[in-house]
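Please read through the structure below; I'll follow up with questions.
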Amino acid sequence: MSIKQNLNNIKNTLPEHVTLVAVSKTKPVSDLMEAYNAGQRIFGENKIQEMAGKHEQMPKDIEWHMIGHVQRNKVKYMAPFVGLIHGVESFKLLKEINKQALKHNRVIDCLLQIKIAEEESKFGMRPEEAKNILLSQDFSALKNIKVTGVMGMATFTDNTEQIEKEFKLLKATFDTLITLKTENCKLQTISMGMSGDYQLAIACGSTMVRVGSSIFGYRN
């Protein structure tokens, strides 16, 4: 199956309200261009420098999403162009994104990464912590970021019940946080679900799925 066929097959299964992020990490520009030529415009990368390199080489109507763990000292490399940062797991990181966005006179959209998995290796903040951040004075002072939703990664397991429970926790967190109205926080996105479990994620309320191997084949 070609990248174009894979892409079309997936798009045909997605409800209209769900956004597809094509996870293109480690893939060559030629593969991304194949997806681009098939109509895909949103690409997700997990390494900032790799994303910056691809951004330079590719058409400028692409929306780049940073979906990996973000190191604060590297935010400056993506601040000029990044469309959405998925993995924001601390107030310190929000502050750094705001600082770098200001330098480029931009407002950068961010998702708060909520820790829903039981694995220790997964990053993220507890729901209560997210709420405290959004209600804080320090947060309302950040004028160059906008928190537009939440993101979560389920435990790497074959136990569907556990995954479903974790997805539902993210949806419940979103439902709680959406009631908080602040100028730089307008929640609309729930980013959860990857190649193996995006159908389940959508059933649990996901509005954005991150799909890589089902489009591009397995990692190089």
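Every number here is computed from the coordinates shown, using simple stated rules; none is lab data. Values in this document were obtained by computation on a predicted structure and should not be read as measured data. Backbone-built Cβ (ideal geometry, glycine too); neighbour counts: all protein chains shown.
Could you work out the percent of alpha carbon pairs in region 3-215 separated by over 25 Å, rounded to a whole number?
Looking at region 3-215, the distances longer than 25 Å represent 36 percent of pairs.
Modelling each spin label as a point 7 Å along the Cα-to-Cβ direction, I'd like the K103/R72 distance in nm, to one decimal.
1.5 nm
In nm, what is the difference between 0.36 nm times the number of residues separating F123 and M1 and their Cα-Cα distance?
40.5 nm
Right, here's the next one. Could you check what % of the DSSP bridge pairs in the chain are antiparallel, to the nearest 5?
5 percent
Could you tell me how far the Cα centroid of region 132-169 sits from the Cα centroid of region 1-32, in Å?
24 Å
Do any trypsin sites (Lys or Arg not before Pro) in region 158-189 lie in a DSSP loop with no more than 10 other beta carbon atoms within 10 Å, and if so, which?
The qualifying sites are K181.
Still on this model: How would Y198, Y36, Y77, Y218 line up from fewest to most surrounding beta-carbon atoms within 10 angstrom?
Y218, Y77, Y36, Y198
While we're here: What dipole magnitude, in Debye to the nearest 20, does region 70-153 give about its Cα centre under +1 on Lys/Arg Cβ and -1 on Asp/Glu Cβ?
Once rounded to the nearest 20, the dipole reads 500 debye.
If you don't mind, another one. Show me the GluC sites (Glu not before Pro) within region 38-119 that DSSP assigns to loop and that have at most 14 other Cβ atoms within 10 Å of their Cβ.
Answer in residue order: E118, E119.
What list of ³J(HN,Hα) values in whole Hz, one per residue of region 102-118 in order, does the Karplus curve 6.51 cos²θ - 1.76 cosθ + 1.60 (θ = phi - 60°) give from phi, with Gly and Pro shown as x?
Working through the residues one at a time gives 4, 4, 9, 6, 10, 10, 9, 6, 9, 10, 7, 7, 9, 7, 10, 7, 8 Hz.
GNM, the chain, Cα, under 10 Å: largest mean-square fluctuation among I97, I133, I114?
Top of the fluctuation ranking is I133.
Please find the FRET efficiency linking E50 to N9, where r is the Cβ-Cβ separation and R0 is fixed at 35 Å, and quote it to the nearest 0.05.
0.85
Continuing with this model, one more query. Using +1 at the C-beta of Lys and Arg and -1 at the C-beta of Asp and Glu, which of A141, V88, G217 has the Cα lying farthest in the positive direction of the dipole of the chain?
Final value for the positive-end residue is A141.
At a Förster radius of 22 Å, what calculated FRET efficiency corresponds to the Cβ-Cβ distance of K95 and K181, to the nearest 0.05?
Efficiency for this residue pair is about 0.55.
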